[in-house]
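Below you'll find the structure, written out as structure tokens, and then a few comments.
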Amino acid sequence: MRKTLRMTAAIALGAVAALGGGASAQATGSPALEAPTVGFLAGSSVRFDPTASSALDVRAFARIRWHGRRFATASGENVDVRVSPAYGSDPRLAQQWADFFASLIHGPELHLLTAYIAPLDEVQILCQGEALGCYWSNRLVMVGDSSGGIPPASVAAHEYGHHVANNRVNSPWRAIDWGTKRWASYMNVCTRTGQGTAFPGDEGADYTLNPGEAFAETYRVLNETQAGLPLSWPIVDRSFIPDANALQAVRDDVLQPWTVPATQTIRVRFAPHQRVWSRKLVTRLDGQLSAQIGGSNDLQLLGGGRSLAPATWTATGGKALEYQLCGLRSVSVRVTRFGGPRSLTLRLSLP
């Protein structure tokens, strides 16, 4: 499914598993490129072989004389779709796939996508593994027919989830490995990673606990839910099954991407004889928090009944601190005054 950004590994969607023991299209003759519909997003039972991952075969791309181009969609957007000659040269089906990608919940990342659609044998060469699809750096490779009974639009929706994550920011982590900012925070990916129950970027033994894969599956489920289809969850661990809040977090991350920390300036005013000022901060998102204050005063960050980060002197004579929020949904910042003005400026940066 996911490709590392440096093109080091193809991520397998899974080994082919025929529903009810059905045969692959390849076994019965030439494949037929299927026209995608939202109804094809219905889930299937899929078996996965994460050990089948290796490098994307770039030279194999060059050997295929792809049919396609950048298509204008019904929504007025443009999507680059390339189809293997094994499916023929009718541009209308490539157009339908372009319209399909535009029908998914998406943002400005859509115009960056190049989708390659090929029969199973070519996909497995391109992805170098027993895969129905793979993704790397704005390139999406997938089957165009129901290989093993798996609807191709289900593959497409999952892979597009990786495309979304590849074009989102979740600093200080990579969204393609951890998931997008709001979703990863809600699903406590940072805390779970520390506890050893989530493994960002793992495409081996702990593939099913990889939050990057869980995000892509949640994105698929979000589109299924929008189409009124029942939830299916065949790929990753059930601990990642999304509830309504998780689905909303993904929707928000797609349509209103998080980009940079929010900064705010607070005027701290001490009453006569007051030495300690504090304020509770709501921290819904994981990430980097920083605080800075001028003057010869002490600055502390508190959470869970303890001090979280020591403050250090700045070059200008004030105090500053940094802390990586991980699962904490509220903290307190405390300023202790040791003389000087009773009015100070506190600068905060929150994810």
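Bear in mind these aren't lab numbers, they're just calculated from the coordinates by the rules spelled out. Just so you know, these numbers come straight off a predicted model, no measurement behind them. FYI the Cβ positions are ideal-geometry reconstructions off the backbone, even for glycines, and counts take in every protein chain you see.
Which is the longest stretch in the chain that no exposed loop site breaks, taking sites as trypsin sites (Lys or Arg not before Pro) with a DSSP loop state and at most 16 other Cβ atoms within 10 Å?
Here the longest run is 66-274.
To the nearest 20 debye, what is the magnitude of the charge dipole of the chain about its Cα centre, counting +1 on the Cβ of each Lys and Arg and -1 on the Cβ of each Asp and Glu?
Dipole magnitude for the chain comes out near 2180 debye.
Give, as a single signed number, the net charge of other residues whose beta carbon lies under 9 Å from the beta carbon of ALA94, with Lys and Arg counted +1 and Asp and Glu -1.
Charge balance near ALA94 sits at +2.
Could you point to the residue in GLN128, GLY196, PRO261 farthest towards the positive end of the chain's charge dipole, with +1 and -1 charges on the Cβ of Lys/Arg and Asp/Glu respectively?
My answer, from the dipole projection, is PRO261.
Compute the distance in nm between two label points, each set 7 Å from the Cα along the Cα-to-Cβ direction, one at PHE338 and one at SER75.
Reported label-point gap for PHE338 and SER75 is 5.7 nm.
Where is the GNM fluctuation largest for the chain (alpha-carbon springs, 10 angstrom cutoff): VAL276, VAL155, VAL250?
Residue with maximal mean-square fluctuation among VAL276, VAL155, VAL250: VAL276.
Which net charge results for the neighbourhood of VAL331, defined as the other residues with beta-carbon distances under 13 angstrom from its beta-carbon, given Lys and Arg at +1 and Asp and Glu at -1?
+4
Return the single residue from GLY327, GLY68, GLY88 with maximal mean-square fluctuation; model: Gaussian network over the chain, springs between Cα atoms under 10 Å.
GLY88
Report the residue, chosen from THR225, THR114, THR336, that carries the largest GNM mean-square fluctuation when the chain is represented by alpha-carbon nodes joined by springs under 10 Å.
Maximum fluctuation in the GNM of the chain, among the listed residues, is at THR336.
How high is the FRET efficiency from GLN288 to LEU231, r the C-beta distance, R0 45 Å, rounded to 0.05?
0.85
Grab every C-alpha pair in segment 144-203, bin the distances at 10 angstrom width from 0 up to the longest one, and report whole percents.
It works out to 21, 42, 25, 12, 0, in whole percents.
If you place +1 on the Cβ of every Lys and Arg, -1 on the Cβ of every Asp and Glu, and leave all else neutral, what size is the dipole of segment 182-223 about its Cα centre, to the nearest 20 Debye?
240
What does the charge count near HIS273 come to, summing +1 for each Lys or Arg and -1 for each Asp or Glu among other residues with Cβ under 12 Å from its Cβ?
My count for the surroundings of HIS273 gives +3.
Is the shape of segment 240-331 rounded, prolate or oblate, going by the alpha carbon gyration tensor and its root eigenvalues a ≥ b ≥ c, with a/c under 1.5 for rounded and a/b larger than b/c for prolate?
prolate
Output the antiparallel fraction of DSSP beta bridges having both residues in the chain, as a percent to the nearest 5.
Taking every DSSP beta bridge within the chain, about 85 percent pair in antiparallel fashion.
Once Lys and Arg get +1 and Asp and Glu get -1 on their Cβ, which of LEU289, VAL236, TYR219 lies farthest toward the positive end of the dipole of the chain?
Selected residue: LEU289.
How big is the Rg/Rh ratio for segment 54-184, C-alpha atoms only, Rh by Kirkwood, two decimals?
0.96
Taking the simple approach of a point 7 Å from Cα along Cα-to-Cβ for both ALA32 and ARG63, what is their distance in nm?
That separation, rounded to one decimal, is 2.9 nm.
Under unit Cβ charges (Lys, Arg +1; Asp, Glu -1), what dipole magnitude, rounded to 20 debye, does segment 121-232 have relative to its Cα centre?
With only Lys, Arg, Asp and Glu charged at Cβ, the dipole is about 660 debye.
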